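Bear in mind that the values in this text are calculations on the coordinates, not laboratory data. What you see is a predicted model, and the numbers here were worked out from it, not measured in a lab. Reconstructed Cβ throughout: ideal geometry from the backbone, glycine too, with neighbour counts over all protein chains shown.
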Amino acid sequence: MIDLELDGADWRRRDDFYDAVFAILGASKWHGRNFNALRDSIGAGQINNIEPPYRFVITGRARMTPEAQSIVADFCDLIRELKQEGHSVDVVCD
């Protein structure tokens, strides 16, 4: 399993989160900026350039704005759900 490291210390808005996640996954420009689209692309695969198995390692939460902290918390929950469903993904949120 490879680690996909994301330093979110400078994230201020939802778009900062999506920009970073899409960049590290190699997502297409047409990828939707919502959790349904992320669930599909991570869970079903064959959409992003990076395919599981991988683990997101998100750092810098203490320095994020409340808006960024909220989306990161929800994203961590999503990845944990995908893992429980049997997908080869994991997440570490500091």
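A few points about this structure:
- Of the residues screened, Glu51 is not one that is exposed (fewer than 13 other Cβ atoms within 10 Å of the Cβ) and either without any contact (Cβ under 8 Å) to a residue 60 or more places away in the chain or aliphatic (A, V, I, L, M) (or both).
- Residues of region 47-76 satisfying the condition of being more than 10 Å from the chain's Cα centre (by Cα), of a type outside the set (A, V, I, L, M, F, W, C) and not in a loop (DSSP other than H, G, I, E, B): Tyr54, Thr59, Arg61, Arg63, Pro66, Glu67, Gln69, Ser70
- Qualifying residue in region 18-31 (condition: within 12 Å of the chain's Cα centre (by Cα) and among the basic types (Lys, Arg)): no
- Within region 5-25, restricting attention to residues that are among the small types (Gly, Ala, Ser) and either touching a Pro at 6+ places or on another chain (Cβ under 8 Å) or in a helix (DSSP H, G or I) (or both), the residue that is surrounded by the fewest Cβ atoms within 10 Å (Cβ to Cβ) is Ala23.
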